[in-house]
Structures are given as C-alpha cells and as structure tokens.
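What follows is a short report on a single structure.
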C-alpha cells in the first residue's frame with residue numbers, strides 16, 4: 001500500500017511538472033505574439049491620433065481669422081445701443097476707409113458697415129445676416145446684406161476696362177498706383193495698392209484689360225470678404241465684423257439706418 005501511494009504521488013508530481021512546463025513553453029511562445037499585437041495596436045492608435053490632429057489643424061487653418069477686432073466697448077462706435085444682456089455698436093465706412101480696409105474695390109457696389117456685438121457674461125446669442133437690413137432715407141424698401149460669395153460675384157461682374165482697380169494675385173511684394181472714377185463722387189480718385197505675401201493685392205490694370213475679372217480674382221475677393229465679414233453663429237463673447245450691402249449708387253448726402261433684429265425686437269441705429 002505504501003509503495004502504491006508513493007508511485008501515485010510520483011505520477012502526480014510528474015504530471016503537474018509536465019503541465020507547468022507546457023504552460024511555461026506557451027508563455028514563452030506567446031510573448032512575441034502579444035508584443036507584435038500590442039505594437040500594431042499602438043501604431044494604429046498613433047495613426048488615428050495623427051489623422052485626427054491633422055484634420056483639426058486643417059479645419060482651423062481653413063477657417064482662419066474671422067471678423068474684425070472688437071473695440072474696447074460699444075460706445076467707441078459712431079452709433080450704439082444697450083439692452084439688458086447685450087451692447088451693440090455700428091458705423092458706416094466712408095469710401096476712403098473702404099479703400100484702406102479692403103483689397104477688393106467695394107466702392108463700386110456696396111455700403112460697408114462695421115458691426116460689433118458685446119453679450120453680457122453668461123449670455124449667448126445667434127448672429128445671422130438675416131437679422132440685418134439697411135434703410136436709406138426716402139426709401140421704404142430696405143436692403144439686406146449680401147454674403148461674401150454674392151458680393152464677390154457682383155464685383156467680378158462689375159469689373160471694367162480702362163484703368164480700373166482690380167484684385168491681383170502673386171507671391172511678390174510691390175506697389176502700383178493709378179486713377180479711377182469714384183462712383184460715389186464722380187471724381188477722379190488716386191488709387192494705390194500693395195501686393196501681399198499671401199497672393200492678394202490691389203493693382204491698376206493695363207490699358208487693355210479683359211472687361212471682366214477672372215475666377216481667380218473672384219476667389220481672392222471672396223476669401224477676403226469672408227475673413228473680414230461678421231461671423232455668423234453662436235456668440236457668447238465680443239465679436240465684430242463687416243456687413244456688405246449692395247447699393248449701386250451711393251448718394252453723398254444720403255442718410256442710412258441699420259436695422260438689427262434682436263430676438264424679435266427691431267433696433268434702429270442711425271449710421272449717418
């Protein structure tokens with residue numbers, strides 16, 4: 001009996017030892033496989049993170065800066081108004097200031113209004129071009145602001161021959177000057193332009209230009225108007241930008257009022 005028990009215990013010990021040996025062998029064999037799998041998963045995670053980061057950076061770069069820098073307060077603008085949860089300011093740009101502020105010759109087609117929005121802390125509003133309109137004294141029908149796409153297309157259509165000022169593109173930096181007839185005053189006006197490193201600029205065309213601007217011109221104008229225009233969407237912090245109103249013939253002594261629909265309440269801001 002004692003011998004049988006000893007033999008049984010010896011067999012059990014050998015069996016257990018074999019099992020441990022098999023487990024150790026499997027562990028040794030599986031280590032490289034697990035390492036490879038973990039390495040692959042880690043590389044996939046890095047790749048996905050890089051793709052996500054690249055997409056975000058591309059989106060941010062494409063969005064670019066929007067609007068203009070708001071002034072210290074709404075009362076720094078020509079006209080301003082105050083409500084419980086927001087202050088607003090606005091002013092119309094004279095032709096000379098438009099020439100300085102834009103490469104695109106907006107004096108040919110538009111009135112430009114700078115609008116600033118100052119929500120109180122904790123307040124949030126939706127800004128939309130549909131909430132704005134401009135009234136000219138003596139006229140009952142208001143003009144709604146145009147989108148950068150529409151205004152750029154309008155400028156392209158209105159491009160003229162002769163010594164008209166046109167948007168130009170290029171990578172160099174230079175200076176050109178010339179004259180054109182100001183549609184607002186009917187007087188010859190000196191024009192000048194500087195090429196920029198991003199490829200947009202104002203130049204005086206050659207004596208025999210094509211009577212319409214190119215698609216490249218339109219794209220440059222559209223990009224500029226988009227970047228400087230009033231941003232649409234949620235506003236929980238001060239924001240400012242330009243509104244473009246298609247007014248073919250700007251009258252020198254005309255009076256204008258900007259209408260802004262603030263959550264159903266119509267505010268009238270005298271611009272001149």
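The values are calculated or read from the model by the stated rules, or taken from the named source; none is laboratory data. Treat the numbers as computed from the prediction; the structure is a model and nothing was measured. Glycine gets a Cβ as well: all are built from the backbone with ideal geometry, and neighbour counts include every protein chain shown.
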Legend entry - Per-region count, region 67-87, residues assigned to a strand (DSSP E or B) and either under 10 Å from residue 240 (Cβ atoms) or outside the structural domain of residue 227 (by TED's automatic domain parsing) (or both): 1
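Conditions (1) loosely packed, with under 14 Cβ neighbours inside 10 Å; (2) in the same structural domain as residue 155 (by TED's automatic domain parsing); (3) not in a loop (DSSP other than H, G, I, E, B), marked per residue:
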{"site": "89", "(1), (2), (3)": "no, yes, yes"}
{"site": "97", "(1), (2), (3)": "yes, yes, yes"}
{"site": "118", "(1), (2), (3)": "no, yes, yes"}
{"site": "121", "(1), (2), (3)": "yes, yes, no"}
{"site": "138", "(1), (2), (3)": "yes, yes, no"}
Legend entry - Residue that is surrounded by the most Cβ atoms within 10 Å (Cβ to Cβ) [pool: residues in region 248-270 that are modelled with pLDDT of 85 or more and not in a strand (DSSP E or B)]: 254
Inset, instruction - Please state which of the following conditions residue 113 fails to meet, knowing it meets all the rest: (1) buried (at least 19 other Cβ atoms within 10 Å of the Cβ); (2) at pLDDT below 95; (3) part of a strand (DSSP E or B). - result: (2)
Legend entry - Every residue from region 142-183 that is modelled with pLDDT of 90 or more and either in a loop (DSSP other than H, G, I, E, B) or touching a strand residue (DSSP E or B) at 6+ places or on another chain (Cβ under 7 Å) (or both): 142, 143, 144, 145, 146, 147, 148, 151, 154
Legend entry - Selection count where residues are under 18 Å from residue 104 (Cβ atoms) and surrounded by 17 or more Cβ atoms within 10 Å (Cβ to Cβ), scope region 228-246: 8
Inset, instruction - Identify, by number, the condition in (1) modelled with pLDDT of 90 or more; (2) surrounded by fewer than 19 Cβ atoms within 10 Å (Cβ to Cβ) that residue 134 doesn't meet. - result: (2)
